[in-house]
1. Among (1) aliphatic (A, V, I, L, M); (2) crowded, with 19+ Cβ neighbours inside 10 Å; (3) in a helix (DSSP H, G or I), there is one condition B:VAL92 misses while meeting the rest; what is its number?
2. I'd like to know if region A:120-130 contains one or more residues that are on the phi > 0 side of the Ramachandran plot and more than 9 Å from chain B (Cβ to nearest Cβ).
3. Picking from B:THR153, B:THR159, which residue would you name as being more than 30 Å from A:LEU234 (Cα to Cα), among the hydroxyl-bearing types (Ser, Thr, Tyr) and facing chain A (nearest Cβ under 8 Å)?
4. Within region B:205-236, can you find the residues that are open to solvent by 50 Å² or more (accessible area, probe 1.4 Å), within 12 Å of chain A (Cβ to nearest Cβ) and in a loop (DSSP other than H, G, I, E, B)?
5. Test B:ALA34 against the stated conditions and say whether it is farther than 21 Å from B:ALA141 by Cα, open to solvent by less than 60 Å² (accessible area, probe 1.4 Å) and not hydroxyl-bearing (Ser, Thr, Tyr).
6. A:ASP38: on the phi < 0 side of the Ramachandran plot and in a helix (DSSP H, G or I), yes or no?
7. Sort out which residues of region B:223-260 are closer than 26 Å to B:PRO188 by Cα and not hydrophobic (A, V, I, L, M, F, W, C), and write them in order of number.
8. Would you tally the residues in region B:257-279 being surrounded by fewer than 18 Cβ atoms within 10 Å (Cβ to Cβ), away from chain A (no Cβ under 11 Å) and assigned to a helix (DSSP H, G or I)?
2 protein chains.
Amino acid sequence: MGAPLGRRLLKAGFSLAVFTRTRSRADELLAAGAEWADSAAELAERVDAVISIVPDSPDVEQVYLGPVGVCAGPGQGGLAIDMSTVAPGTAVRVAEAVQQRGGQFVDAPVSGGKTGAEAGTLSIMAGGDAEAIERARPIFAALGKRVVHCGPTGNGQLTKLCNQIICGLNLLAVGEALVFAKRLGLDPKTMLEAVSAGAAGSWAVDNLGPRMADRDFAPMFMIDLQQKDLRLALDAARLRTVPLPGTALVQQLLTANQAAGEGREGTQALLKTLERIAHVHN
Amino acid sequence: MGAPLGRRLLKAGFSLAVFTRTRSRADELLAAGAEWADSAAELAERVDAVISIVPDSPDVEQVYLGPVGVCAGPGQGGLAIDMSTVAPGTAVRVAEAVQQRGGQFVDAPVSGGKTGAEAGTLSIMAGGDAEAIERARPIFAALGKRVVHCGPTGNGQLTKLCNQIICGLNLLAVGEALVFAKRLGLDPKTMLEAVSAGAAGSWAVDNLGPRMADRDFAPMFMIDLQQKDLRLALDAARLRTVPLPGTALVQQLLTANQAAGEGREGTQALLKTLERIAHVHN
């Protein structure tokens, strides 16, 4: 996700410095005019606003709190925006460290995937105080089409977890309908067309349905990452003893995909688990 | 659903005769210019096209095959359109009876609810031969915005069952996200706004989410009817041994609503079951 976000920022006229753990992944942005920084700490010294997007909570903690992380350099009152999807508690811990150094922190996970990042149409779920979020708005404007202030630090992450609860069940909805359609003799694409305009309509029907029907399992969003997000949602729910029976079912079915070595395929490969349990052969 | 469909047809310039089991339910259409028929048989003799919409399979069988049903009058080669959601096998049986009398039959269940019926924006899922469906198109044009020919007789019903599988799980998605949001301290409507524009977007998020947040459980579509539809879907799936774990879960959770006496509330009252199992008090 870092590359398309960087491209959007360059296109909007921002100057950009980048640090990635694997330097080759920055090649394209460097060729497009971004500068290289040798660490998060060095990068933080050179910019007005740090933007991070990494896979999981420990990665964010390392980017901000590690020995060469954002908070290891001299304090500067800068703005830090974390667009990763991580534990709400991680957002709170990192925000405290940034604020202790005079900076401002916004947790701002996104929905819309690589396609949304490339088109600048992401939904951005922002947590933090209003002043920090106002300061981040010119950056958000280059990256997303909807920016919602969800409350204090961590609420961006909690809102993203709601988003993932819904995405998981909407995905299961399309998968079950397609397995049913196939076994009952319906044409999958005709079925999708018929249901998409009514009360069954969803982003998942429009975007994952046709890919399932075409057996195109290339990732828009990988199962391993969806599972990480569902783990965060179920962890947060467990801490408050909130039962989420549907979300837990989705998480178990996607675990069956991971068991079959399909963790790096797109979430629409859930269809393959549903077909295996229904003994559907293609 | 009969009343708004009748109003749309009158508005489009069709002349209309109506028969309902409870005559008072036709009062408004009669006042608006429709004629009364004393039975389905009598109605069928007077019109070019019969349109039926009733709650369940036995009701459709009675309307067409009963002693004063459509097929009890003299044959006339008329068109019969059943817009009810019923078992695919019922559609096949009724179609055979209509065709034996020289008529044509289309199973054409709809999605979009009372709101869609009033606005003429229903999705219509039509099963039958192409000639019958072409004959029905002027009628469909007055009632819906999307008409999809889903294949031979019964495929309209099977497609509607796919629709209901998706609706059920999309409903559970919104309910689980809202219970999670509430217990984790998020503002429900802000959460819904943040997720609705991205990959979690759905008709259910847009239409059932705000009603859940407002605790407005008035029916757009009653739980008892959704349960009838899920029963039809799970019956059809069982006959082909198709496991639908998510759909079965939704059906069980809505059974808990029925146990609590909430069967005549809107499907969004699923939230109340999720709150009871999470011990959320309002």
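The values are calculated or read from the model by the stated rules, or taken from the named source; none is laboratory data. As the structure is a prediction and not an experimental result, all values here were calculated from the model. Positions of Cβ are backbone-derived with ideal geometry, glycine not excepted, and every protein chain shown enters the neighbour counts. Remember, those area values only see protein heavy atoms, side chains included, never the ligands or the DNA or RNA. Shrake-Rupley method; radii C 1.70, N 1.55, O 1.52, S 1.80 Å.
1. (2)
2. Of all residues in region A:120-130, those on the phi > 0 side of the Ramachandran plot come to A:120, A:128.
Imposing the further condition that a residue be more than 9 Å from chain B (Cβ to nearest Cβ) reduces the set to A:120, A:128.
Yes, because at least one residue in region A:120-130 is on the phi > 0 side of the Ramachandran plot and more than 9 Å from chain B (Cβ to nearest Cβ).
3. B:THR159
4. Across region B:205-236, the qualifying residue is only B:PHE221.
5. Details: farther than 21 Å from B:ALA141 by Cα: no; open to solvent by less than 60 Å² (accessible area, probe 1.4 Å): yes; not hydroxyl-bearing (Ser, Thr, Tyr): yes.
So B:ALA34 fails the test.
6. no
7. Our first condition is that a residue be closer than 26 Å to B:PRO188 by Cα; within region B:223-260, this holds for B:223, B:226, B:246-247, B:249-258, B:260.
Once the filter is applied, which keeps residues that are closer than 26 Å to B:PRO188 by Cα and not hydrophobic (A, V, I, L, M, F, W, C), region B:223-260 yields B:GLN226, B:GLY246, B:THR247, B:GLN251, B:GLN252, B:THR255, B:ASN257, B:GLN258.
8. Number of matching residues: 2.
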